[in-house]
Amino acid sequence: MDGMDATDITRVQTYLRRLFGTDRINLIRPARPGLSVEVAVEDEVVGTLHRDAEDGEVSYALHLTILEEDLPPPPKKPAAPPRR
């Protein structure tokens with residue numbers, strides 16, 4: 001995996017904002033080289049972005065992390081009818 005420069009980050013951020021129809025998506029450049037670019041929606045980091053250059057082709061992989069604690073509670077199962 002290759003690191004991402006400021007131009008990569010800006011281009012991918014523009015693409016993601018257009019794709020998802022919101023300017024709330026922000027890519028956060030890592031504090032130190034070698035760390036992942038963070039993907040945030042407003043102030044909440046929701047995943048990471050990685051650049052891959054292989055065989056002359058460049059691609060970007062978005063990894064979203066969803067914590068169980070952030071999900072709504074599961075729906076309650078309807079009570080089973082009484083057995084006769």
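Looking only at the range 1-31, filter to residues that are over 20 Å from Thr65 (Cα atoms) and among the β-branched types (Val, Ile, Thr); which one of those is farthest from the chain's Cα centre (by Cα)? Ranking the qualifying residues of the range 1-31, first place goes to Thr7.
Answer with yes or no whether Leu62 is modelled with pLDDT of 90 or more and within 20 Å of Leu19 (Cα to Cα). Answer is yes for this residue.
For the range 24-41, the condition holds for at least one residue, the condition being that it is surrounded by 11 or more Cβ atoms within 10 Å (Cβ to Cβ), among the charged types (D, E, K, R), modelled with pLDDT of 95 or more and part of a loop (DSSP other than H, G, I, E, B). Restrict the check to the range 16-23 and report whether at least one residue is in contact with a strand residue (DSSP E or B) (Cβ under 6 Å, 6 or more places away or on another chain), surrounded by 10 or more Cβ atoms within 10 Å (Cβ to Cβ) and not in a loop (DSSP other than H, G, I, E, B). Taking every residue of the range 16-23 in turn, at least one turns out to be in contact with a strand residue (DSSP E or B) (Cβ under 6 Å, 6 or more places away or on another chain), surrounded by 10 or more Cβ atoms within 10 Å (Cβ to Cβ) and not in a loop (DSSP other than H, G, I, E, B).
Of everything in the range 32-79 that is more than 15 Å from the chain's Cα centre (by Cα) and of a type in the set (Lys, Arg), the residue that is nearest to Ala6 (Cα to Cα) is Arg32. Test Arg51 against the stated conditions and say whether it is part of a loop (DSSP other than H, G, I, E, B) and either loosely packed, with under 11 Cβ neighbours inside 10 Å or in contact (Cβ under 8 Å) with a residue 40 or more places away in the chain (or both). No: the conditions fail for Arg51. Restricting to the range 47-56, name every residue that is modelled with pLDDT of 95 or more and out of contact with any Phe, Trp or Tyr (no Cβ under 7 Å at 6 or more places or on another chain). Scanning the range 47-56 gives Gly47, Thr48. Just name the residue that is farthest from Ile9 (Cα to Cα) out of those in the range 54-66 that are in a loop (DSSP other than H, G, I, E, B) and of a type in the set (Val, Ile, Thr). Looking at the filtered set, the residue picked out is Ile66. Quick check on my filter: what residues within the range 37-76 are touching a helix residue (DSSP H, G or I) at 6+ places or on another chain (Cβ under 8 Å) and of a type outside the set (D, E, K, R)? Of everything in the range 37-76, those that are touching a helix residue (DSSP H, G or I) at 6+ places or on another chain (Cβ under 8 Å) and of a type outside the set (D, E, K, R) turn out to be Val37, Val39, Leu49, Tyr60, Leu62.
The values are calculated or read from the model by the stated rules, or taken from the named source; none is laboratory data. Just so it is clear, the model here is predicted, and its values are computed rather than measured. Because the Cβ atoms are built from the backbone with ideal geometry, glycine has one as well, and the counts that use them run over all protein chains shown.
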